[in-house]
1. Each residue of segment 122-132 in turn: what ³J(HN,Hα) in whole Hz from Karplus with 6.51, -1.76, 1.60 and θ = phi - 60°, glycine and Pro shown as x?
2. Check Gln325: other-chain or 5+ apart residues with amide H under 5 Å from its amide H, H built from backbone geometry?
3. How much accessible area does His308 have with a 1.4 Å probe, in Å² rounded to the nearest 10?
4. Keeping all protein chains in the complex and leaving out DNA, RNA and ligands, what accessible area do you get for Met266 with a 1.4 Å probe, in Å² to the nearest 10?
5. Hey, which lysines would be in cross-link range of Lys105, C-alpha to C-alpha under 16 Å, not counting anything within fewer than 8 residues on its own chain?
6. Let me have the relative contact order for segment 265-319, percent, based on Cα pairs under 8 Å that are six or more residues apart.
7. On a full-extension model of 0.36 nm per residue, what is the gain between Gln131 and Val347, subtracting their alpha-carbon distance, rounded to one decimal in nm?
8. Per residue, how large is the accessible surface of segment 226-293? Use a 1.4 angstrom probe and give square angstrom.
Amino acid sequence: MSRSTVRDYLHRAQRQSLSYDQLSQLSDSDVQHLLGKGQRQSSRKKPAIDFEYVHREMQRKGVTLGLLWMEGKERGDWNCSYSGFCRRYRQWKKQHSLSMRQTHKGAEKIFVDYCGMTVPVVHPKTGEVTQAQVFVACCGASNYTYAEATESQIIKNWLGSHQRALAFFGGVPVAIVPDNLKSGVTDPCRYEPGINRSYQDFAEHYNVIILPARPKCPRDKPKVENAVQQVERHILAPLRDQTFTSFKQLNEAIASGLEKLNHRTMKSYGLSRRELFEQVDQPELRPLPSHGFEFGEFKTAKVSFDYHIEVNRHYYSVPYGYVGQSVSVKITESLVQIFHDHQRIAVHERSSVSDVNYVGQNFLVLPATFDYGLRVDLSLGNTILRSRNGDLFRR
């Protein structure tokens with residue numbers, strides 16, 4: 001301790017008529033408080049700032065702390081420096097950045113997301129490298145985790161991973177909570193998000209609710225955020241020096257690491273994820289559907305004057321009463337289903353012919369000069385079309 005500091009303490013004690021014997025009976029913090037040391041003395045009370053207003057304004061595009069500080073200073077709301085304003089705002093935000101604790105019931109929710117970390121898969125012949133995307137699903141109540149690698153995050157792989165995850169868990173939860181991935185959510189609205197049509201079809205097949213997390217709100221899905229971290233640290237990181245030549249080989253390595261992760265005892269519970277899953281989630285899961293989900297893509301088509309629609313250079317018939325109307329088409333590996341106003345009006349086996357092909361009954365090829373103002377009659381299974389000039393065309 002320097003002489004100037006000792007002299008300062010002595011002068012402070014003398015001004016307050018305090019002797020050494022009196023001070024020696026007190027603790028160091030009490031002595032400092034009594035002598036006015038260790039505390040920043042403020043000559044005047046700092047004016048209150050409405051930081052709730054500041055925080056709301058900060059959510060608006062283009063608004064910065066610098067702009068709000070300048071506007072408030074011009075209005076006379078505060079007279080502090082910019083650095084002091086920022087410091088006080090950070091302190092206020094730290095005190096108010098609280099999060100409500102979430103409680104999860106058995107089989108209530110499964111959270112899904114992709115890892116930020118990818119794994120390279122090298123083609124054994126061409127040497128082409130594909131960055132594998134790692135899908136993660138986690139049960140809300142037990143933290144029981146599933147993970148697998150796929151080629152991409154397209155809707156087909158996204159739904160395929162969902163199917164295999166539910167099969168891994170052995171049942172269906174009440175709801176699935178995804179992130180706002182484009183493959184699953186078409187409109188990431190905070191209140192009424194739009195769900196991809198194929199994803200909605202998957203939800204209807206499994207009778208499960210899709211509840212997307214709010215945009216830029218990772219606290220809506222902390223379970224899967226933690227599961228992703230665990231998968232990256234305990235499964236993917238140990239594989240960093242290995243070379244994989246197929247997705248099958250990579251998924252076998254992931255499955256081995258996943259087995260260890262799910263059987264490791266969690267300190268906060270005193271049980272492993274697997275044990276907790278068997279106690280909490282597994283008894284409450286609903287059974288899987290009796291038949292598997294068949295992935296289907298959806299498109300909108302307009303019924304042509306010959307009452308057919310075009311799907312990948314193949315033409316499928318619909319009832320002639322829908323000529324000129326827009327219909328929704330579901331295309332699966334084996335079927336083409338056609339809907340109007342959410343009602344199925346036609347279903348066909350999907351054509352596998354490589355060339356242009358017409359599928360359906362009563363199709364009639366018309367001359368290029370045919371007048372589209374026509375009348376359609378059905379008799380004896382044949383189609384008769386009469387043009388305005390009176391010419392008849394019959395199959």
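The values are calculated or read from the model by the stated rules, or taken from the named source; none is laboratory data. Since this is a predicted model, take the numbers as computed values, not measurements. Quick reminder, even Gly has a Cβ in these numbers, built from the backbone with ideal geometry, and neighbours come from all protein chains shown. These accessible areas exclude ligands, DNA and RNA; they are computed on the full protein's heavy atoms, side chains included. Shrake-Rupley method; radii C 1.70, N 1.55, O 1.52, S 1.80 Å.
1. The phi angles translate into 9, 5, x, 9, 8, x, 5, 9, 10, 7, 5 Hz.
2. It is Val303, by chain and number.
3. For His308, solvent-accessible area is about 0 Å².
4. Counting only protein heavy atoms, Met266 exposes about 20 Å² to solvent.
5. Hits, sequence-local ones excluded: Lys221, Lys223.
6. Once divided by the residue count of segment 265-319, the mean separation gives 15 percent.
7. Residue separation times 0.36 nm, minus the Cα-Cα distance, leaves 73.9 nm.
8. 62
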